[in-house]
Amino acid sequence: PYTGSGVQASAIAIDKVFTKRIWETHKLPTPRYRLIESAERAHLNEVADDLRLPLIVKPPHEGSTIGITRVLGYSGMAEAFELARKYDDAVLAEEFIEGRELTCAILGEGKQAAALPLVEIRAPGANYDYHNKYFGNETKYVCPAPIEDALGETIQQLSLRAYNALGARGWGRIDVMLSKQEEPYLLELNTSPGMTGHSLVPIAARAVGISYEDLVLRTLALATLDQKAP
Ligand SMILES: Nc1ncnc2c1ncn2[C@@H]1O[C@H](COP(=O)(O)OP(=O)(O)O)[C@@H](O)[C@H]1O
Ligand SMILES: [Mg+2]
């Protein structure tokens, strides 16, 4: 047995394009996207026109904000594509969602899965990059996120549906952008989120009185086998 999601959910979640396709079939909100097929100028411009600038370019199989660019103008498209290509064969372009950044930790499986309080991530200059994730101490994490109860519950429900749509279990964390119009957009599911003392899932657990030790024990208790022994 092992903790967290099985092979299938983990493999889907590590691919942001597959994740989005599944969420779309479940009518779950995720930023509009296109795959960038080549560095040809006409193609890059067409993608930029379709998604509108600014937009986000990212390698779909990476994490830790590696290889991600916020593209402000047409001239930035080629460089962003080349950077993402260093990490991945495929390159994902996404509509840029300007607004607040939230994350929703989830414990459990299926109907028993439960969302922890939302965490708001406030990075300097709204730039939650590799440095700000792991090294800077200017990023602030606010839990529970100060948003209206009804909106918070809606985001937790969407996150639970998104988690179950991918068949995740044990524990996980959904990254969410909340637009200026207060519309939530799901970015990704992390099936093996950070688990240091100051990581996001432990922060969310602490807000409902679950200590780091309890969180580890709960996660361990949920460890399961994919196949029952004969
Ligand atoms: N479509 C988007 N609109 C606005 N910001 C985004 C978008 N996609 C990613 N970001 C920003 O980049 C960060 C990393 O993106 P994410 O998709 O979560 O990839 P990962 O965490 O695996 O690197 C997010 O936390 C957010 O700050
Ligand atoms: Mg993320």
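The values are calculated or read from the model by the stated rules, or taken from the named source; none is laboratory data. What you see is a predicted model, and the numbers here were worked out from it, not measured in a lab. The accessibility values were calculated without ligands, DNA or RNA, using every heavy atom of the protein model including side chains. Shrake-Rupley method; radii C 1.70, N 1.55, O 1.52, S 1.80 Å.
Values as computed for the structure displayed
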item	result
For the chain, calculated [θ]222 nm from helices alone, where every DSSP H run of n ≥ 4 adds -39500 (n - 2.57)	-9500 deg cm²/dmol
Global size of the range 33-95 as Cα Rg and Dmax, reported in angstrom	10.1, 31
Cross-link pairs beyond the 21 Å C-alpha cut-off, checked among Lys20/Lys58; Lys27/Lys111; Lys16/Lys58; Lys111/Lys140; Lys58/Lys111	Lys111/Lys140; Lys58/Lys111
In sequence order, calculated HN-Hα J values of the range 153-158 (Karplus, 6.51, -1.76, 1.60; Hz; x Gly/Pro)	5, 4, 5, 5, 5, 4
Accessible surface, the chain, averaged per residue in Å² (probe 1.4 Å)	52
Fraction of the pair-distance distribution of the range 100-230 above 26 Å, Cα-Cα pairs, percent	21
Rg/Rh ratio calculated on Cα atoms of the chain (Kirkwood radius)	0.97
Tilt relative to the chain, helix 41-51 - C-alpha long axis, 0 to 90 degrees, to 10	50
Principal-axis tilt of helix 16-25 within the chain, Cα atoms, nearest 10 degrees	80
